[in-house]
Amino acid sequence: MATIREQDLVVSIADALQFISYYHPADYVRNLVAAWRREESPAARDAMAQILVNSRMAALGRRPICQDTGTAQVFVKVGLGARIDSRRSLQEIVDEGVRQAWRTERNPLRASVVSDPLFSRRNTGDNTPAMLHVEMVAGDTVEVHVAAKGGGSENKAKFAPLNPSDSVADWVVRTVETLGAGWCPPGLIGLGIGGSPDKAMTLAKLSLLDPIDLPEIRARGPSSREEDLRLEICDRINALGIGAQGLGGLTTVLDVKIRTFPVHAASLPVALIPQCAADRHVHFVLDGSGPASFEPPSPDLWPDDIRAAGPAGRRVDLDRLTREEVAGWRAGETLLLSGRLLTGRDAAHLRLTRMLEAGENLPVDLRDRAIYYVGPVDAVGDEAVGPAGPTTATRMDKFLEPILSRTGLLVMVGKAERGPAAVETIARHGCAYLIAVGGAAYLVSQAIRASRVLAFADLGMEAIHEFVVADMPVTVAVDSAGTSIHRDGPARWRRPAPREPVPA
């Protein structure tokens, strides 16, 4: 019987979570590079380039790929012949590994887990507890797969109890078309099919841990109906024209993964979970000989022709914003922002609107200002701020009318599309919505030269900060006339389904 020391498991989990915070899996980078090379949409190609540059910078700097360092997803297979030498529960052991990973001084990770989902929603401070899945298997080792899953992609998970005669492919394609860009494509789609509703969701999550192999299947030809189905779904999703960051383009997904399980004759449960551009996971096995070690990817993984040079664009002085200037911006245009930029996301917007309803004075003056929907990672060393990529703007849609009508806020910066009512509100108030690239958090942070907290310090990463930025690249997503690039871009790149559907 192999004996696994508690400390070896704790250290291995902590090291794994640190490792995936700044290293993409090599298969993801290789396939994104290939997609970047064949992309024809300028906007999507630029977004992919930023993601790849960010990936290389994060690897070299050993800082998080994305500001949303995710919830810790830990899948453990315990061999029946293995013994974990501990008096603590496996959940407690895993949580200790998570706690150590998130509090690592040289690379602190952003704590995003709140303890009470319904009422207080108080942050646990160390990202515990982990989302733990345990299976008892044959053997005498402990096998662990660790992943980090951001909220933007997790929030787009879908489930449907289909009829056995329904088409899985049709449901998946229809569903992905409704997801918008909040899950930060290009990424992967994980499908769990069969079992029960809870089993299907777990299968979908597990499928995202499998290697990207669809290009190899395409090259050799499918050897099973399941592989043929994966190819069909992937091709049909990419034909939708959603593209990188929802800007319109040839590639929305790099792979479609499927895991199945036997099911009741009357049922066909199907779960869908997308994986964003911050694809983060690693696998290790403990046999009692000590903690796991992890091999960094080769620097050659990122090609030389991916350049870190900033994009060209119209320069904007945030300290002198006027409605007349904003009215001259056009959807799809690149801007380079410099000056003072406020931050605020869900919790801050909720407090601001409640203060407005109560007739209270706001702690910050929003008139003619720009606000960035972001929850940054803590800074280390001489950084002004840690990785600071955008969060999904759709969650702030319900706050738009009271904020815009009563504060004079002029510009919002986030990621993904705004809903139809939000687009109408933005146009009616003569404002603009801009997007930064999701999945390029470390790259974005290089444009931030200073940071200070102005209000709601108790909210931690959700406090209102004031950044000083220099040439921060953004794209006009909704202009003051109500033109939306997330509506027009995919429509321009949409194309017919590439082939006859596979029965499924």
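Under the condition of being open to solvent by less than 30 Å² (accessible area, probe 1.4 Å) and in a helix (DSSP H, G or I), the residues counted in the range 21-48 number 13. Might you check whether a residue that is in contact with a Leu (Cβ under 9 Å, 6 or more places away or on another chain) and in the same structural domain as Ile4 (by the TED database) occurs anywhere in the range 122-129? Looking through the range 122-129, at least one residue is in contact with a Leu (Cβ under 9 Å, 6 or more places away or on another chain) and in the same structural domain as Ile4 (by the TED database). Given the condition within 27 Å of Tyr373 (Cα to Cα), open to solvent by less than 10 Å² (accessible area, probe 1.4 Å) and not basic (Lys, Arg), answer yes or no: does some residue in the range 230-241 qualify? Checked against the condition, which is being within 27 Å of Tyr373 (Cα to Cα), open to solvent by less than 10 Å² (accessible area, probe 1.4 Å) and not basic (Lys, Arg), the range 230-241 yields at least one hit. Within the range 49-78, the residues that satisfy the criterion of being touching a residue at least 60 places away in the same chain (Cβ under 8 Å) and either closer than 20 Å to Ala331 by Cβ or in a loop (DSSP other than H, G, I, E, B) (or both) are Gln50, Arg63, Pro64, Ile65, Cys66, Gln67, Asp68, Thr69, Gly70. Among residues that are in a loop (DSSP other than H, G, I, E, B), of a type in the set (A, V, I, L, M), in contact with a strand residue (DSSP E or B) (Cβ under 7 Å, 6 or more places away or on another chain) and crowded, with 19+ Cβ neighbours inside 10 Å, Leu272 is not included. Can you pull out every residue in the range 240-268 that is closer than 17 Å to Leu188 by Cβ and not in a strand (DSSP E or B)? Scanning the range 240-268 gives Leu240, Ile242, Gly243, Ala244, Gln245, Gly246, Gly249, Leu250, Thr251, Thr252. Considered as a group, the residues in the range 117-148 that are among the charged types (D, E, K, R) and modelled with pLDDT of 95 or more include one that is nearest to Ala2 (Cα to Cα), and that residue is Asp140. For the range 328-338, the count of residues that are part of a loop (DSSP other than H, G, I, E, B) and open to solvent by 60 Å² or more (accessible area, probe 1.4 Å) is at least one.
Looking only at the range 343-361, count how many residues are aliphatic (A, V, I, L, M) and either closer than 14 Å to Val444 by Cβ or touching a residue at least 60 places away in the same chain (Cβ under 8 Å) (or both). Residues in the range 343-361 being aliphatic (A, V, I, L, M) and either closer than 14 Å to Val444 by Cβ or touching a residue at least 60 places away in the same chain (Cβ under 8 Å) (or both): 2 in total. If the condition is being open to solvent by 70 Å² or more (accessible area, probe 1.4 Å) and either modelled with pLDDT under 95 or not polar (S, T, N, Q) (or both), then the range 149-166 contributes Lys158, Phe159, Pro161, Pro164. For Asn107, the criteria (1) in a strand (DSSP E or B); (2) touching a residue at least 60 places away in the same chain (Cβ under 8 Å) hold in every case but one, which is (1).
When we screen Ala219, Ala169 for residues that are hydrophobic (A, V, I, L, M, F, W, C), within 28 Å of Arg494 (Cα to Cα), open to solvent by less than 30 Å² (accessible area, probe 1.4 Å) and more than 20 Å from the chain's Cα centre (by Cα), the only hit is Ala169. Quick one: how many residues across the range 114-147 are of a type in the set (A, V, I, L, M, F, W, C) and in contact with a helix residue (DSSP H, G or I) (Cβ under 9 Å, 6 or more places away or on another chain)? Final tally of qualifying residues: 8. Of the residues making up the range 269-282, those that are of a type outside the set (D, E, K, R) and over 10 Å from Pro185 (Cβ atoms) are Pro269, Val270, Ala271, Leu272, Ile273, Ala278, His281, Val282. Residue count for the range 254-269 satisfying the condition of being buried (at least 24 other Cβ atoms within 10 Å of the Cβ) and out of contact with any Lys or Arg (no Cβ under 9 Å at 6 or more places or on another chain): 1.
Within the range 475-494, residues that are without any contact (Cβ under 8 Å) to a residue 60 or more places away in the chain have Cβ atoms under 8 Å from residues that are crowded, with 23+ Cβ neighbours inside 10 Å and part of a helix (DSSP H, G or I) in these pairs: Gly482/Ile426, counting only partners at least 6 apart in sequence or on another chain.
The values are calculated or read from the model by the stated rules, or taken from the named source; none is laboratory data. The shown structure was predicted, so the numbers you read here are calculated from the model rather than taken from an experiment. All Cβ positions, glycine included, derive from the backbone under ideal geometry; neighbour counts span all protein chains shown. Accessible surface is based on the protein model in full, side chains and every heavy atom, while ligands, DNA and RNA are left aside. Shrake-Rupley method; radii C 1.70, N 1.55, O 1.52, S 1.80 Å.
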